[in-house]
1. Just reorder Lys67, Lys59 by solvent-accessible area, largest first, 1.4 Å probe, all chains present.
2. For the chain, which DSSP H helices look membrane-span-like by this rule: Cα extent along the axis of 15 Å or more and mean Kyte-Doolittle of at least 1.0?
3. With a Cα-only, solvent-free Debye model of the stretch 43-109, what are the log10 I(q)/I(0) values at q = 0.17, 0.25 Å⁻¹?
4. Percent of accessible area on the stretch 61-101 owned by carbon and sulfur, 1.4 Å probe?
5. In nm, give the distance between the simple-model label positions of Leu93 and Ser48, each being 7 Å from the Cα along the Cα-to-Cβ direction.
6. Rank these residues by their accessible area, most exposed first, probe 1.4 Å: Tyr12, Tyr33.
Amino acid sequence: AKFQVTDSLLGYYKNMAEDSKDTKFTDSDNVLYCAFNFPAVLLTLGRSRWIELSELYAKLVKDLQWKVRRTLSFSLHEVANILGTELTEQHLLSTFELFLKDLDEVSRN
């Protein structure tokens, strides 16, 4: 059975990684937790709601902390599996290329 995720709950998740005043990330631990849990949140929402998370994912991919990017690189295959071929080709190929060019801590996985 799928869980019903309310807009306010999804908003709390997104706010873990965003500062309401601007687009800079706030607490580094929260951003890391957000990245770590991204595949589970996407799986719970389903691929049909990817658009609600895609902007957050793009911000996390560009986070200055390599630990956040590494976490996302480790789960890239899971996100791709959830999204399916078409959405993966449209939205994740550039992310894959970025991770390949990143620091060794990010690209070696």
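The values are calculated or read from the model by the stated rules, or taken from the named source; none is laboratory data. Not measured: the values here are computed from a predicted model. FYI the Cβ positions are ideal-geometry reconstructions off the backbone, even for glycines, and counts take in every protein chain you see. We work out accessible area using only protein heavy atoms, side chains counted, and drop any ligands, DNA or RNA first. Shrake-Rupley method; radii C 1.70, N 1.55, O 1.52, S 1.80 Å.
1. Lys67, Lys59
2. On the way: long enough: 28-45 (24 Å, 1.13); 51-61 (16 Å, 0.81); 76-91 (16 Å, -0.24).
Once both thresholds are applied, what remains is 28-45.
3. Cα-only, vacuum Debye calculation for the stretch 43-109: -0.56, -1.16.
4. Working: 1440 of 2580 Å².
Accessible surface attributable to carbon and sulfur in the stretch 61-101 totals 56 percent.
5. Roughly 2.7 nm, to one decimal.
6. On the way: Tyr12 160, Tyr33 120 Å².
These residues rank, largest area first, as Tyr12, Tyr33.
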